[in-house]
Every structure is written in structure tokens, then in C-alpha cells.
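Below: one structure, written as C-alpha cells.
The values are calculated or read from the model by the stated rules, or taken from the named source; none is laboratory data. Everything numeric in this text was worked out from a predicted model, so none of it was measured. Glycine also receives a Cβ, built like all others from the backbone with ideal geometry; neighbour counts cover every protein chain displayed. Note: areas computed on protein heavy atoms with side chains; ligands, DNA, RNA excluded. Shrake-Rupley method; radii C 1.70, N 1.55, O 1.52, S 1.80 Å.
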Amino acid sequence: MNSAIKKYLIRETLVSTIINSVLSFAITFLVLGGNELVLRQALVIDALPQTFAVTFFSVFVPTFLTRKKIKSGQLETLLFRKTWLPNHAFFRAVLCGLLAAIVGGLAHFAVLTGLQIEELMISTVFIYKTLYGAAISILITPIALRIVLHESGKSI
């Protein structure tokens, strides 16, 4: 992978992370901000739409923008690799979002139950949900970008 592609991956992941962190904080503030304490059940339930939304946008927007850059010749591609994901950016993002939401919800339930966390202060929830949104972006965005770069590449 050449340095231009590496820089592109880092830059787009950083942008995605910042945007999804801010959105995660804002939505947490709107949905849970009126509470002093947030129960484990609310955190697990809230993890489902948050994980879906952050994953959706971490796949859809980078896929759409990267395809546009590739088509205009502004960005090189990697060697072709077939993917099992849908080719349509919206459906790809929805599928990834659904899969991630299931994993994220189950992980929240397992971790919070395993650590015997019954409730968290809202100040802790703000920090946690913001960092969780960032973590999803850091994990998903580069994967989504690599898939796009490989799908448009030339075969050997």
C-alpha cells in the first residue's frame, strides 16, 4: 500500500471518528441527558441504535466518497478482492450496521453484566458513549475504505 493511500485511510478515519464522536455525544445528551443515573438496561438498549448509526455512517459516507474519488482519478486503488458485501453503498452500510448492532448490543450486555454494573452517572455515560462512538469509527472506517479500494482495483 503506497503512502498516499495510507494517508487517505488515516485522514478519512480521523474525520469519521471526530464526526461520529460528536454525534454520539449529542445524541446521548438528547436521549439520556435528563437523567442523573443511567441503568444498565438503558445502556444496552441504547447501544443498538448507536452502534447501528455509527457503523452505518462509517461505511456509507466513506464508501460513497471514495468511489467518487476513484472514479474521478483522484485516488489509486488496491488489487481487486471480491467481497461478500452488497455492492450498493446504502445496502452495504445497512447490513454492516445491523451486524455491528447485534454484536455491540450483546457485547454491552455481556460486559456490563460481567462487571456487575447496574447504573452509571450521566457524566460517565457522556464520556463512555463518546469514546464508544470513536472506537466504532476507528475500527469500521478503515475496513470499509479498504473494501472499496480493493473492489475497484485491477486483477493480476
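For the stretch 75-85, does any single residue satisfy the condition of being among the β-branched types (Val, Ile, Thr) and part of a helix (DSSP H, G or I)?
No, that holds for no residue.
Looking at the stretch 1-50 only, could you name the residues that are of a type in the set (S, T, N, Q), loosely packed, with under 13 Cβ neighbours inside 10 Å and assigned to a helix (DSSP H, G or I)?
Ser3, Gln41
Could you tell me whether the stretch 76-85 includes any residue that is touching a strand residue (DSSP E or B) at 6+ places or on another chain (Cβ under 7 Å) and not hydroxyl-bearing (Ser, Thr, Tyr)?
No; the residues of the stretch 76-85 include none that is touching a strand residue (DSSP E or B) at 6+ places or on another chain (Cβ under 7 Å) and not hydroxyl-bearing (Ser, Thr, Tyr).
Return yes or no: is Glu119 acidic (Asp, Glu), open to solvent by 30 Å² or more (accessible area, probe 1.4 Å), in contact with a helix residue (DSSP H, G or I) (Cβ under 8 Å, 6 or more places away or on another chain) and farther than 29 Å from Gly33 by Cβ?
For Glu119, the condition - acidic (Asp, Glu), open to solvent by 30 Å² or more (accessible area, probe 1.4 Å), in contact with a helix residue (DSSP H, G or I) (Cβ under 8 Å, 6 or more places away or on another chain) and farther than 29 Å from Gly33 by Cβ - is not met.
Kindly check whether there is at least one residue in the stretch 67-81 that is under 20 Å from the mean Cα position of the chain (by Cα), within 22 Å of Ala135 (Cα to Cα), touching a residue at least 24 places away in the same chain (Cβ under 8 Å) and surrounded by 15 or more Cβ atoms within 10 Å (Cβ to Cβ).
No, the conditions are met nowhere in the stretch 67-81.
Please go through (1) at pLDDT below 95; (2) open to solvent by less than 90 Å² (accessible area, probe 1.4 Å); (3) more than 16 Å from Ile127 (Cβ to Cβ) for Val61 and return the number of the only condition it doesn't satisfy.
Exception for Val61: condition (1).
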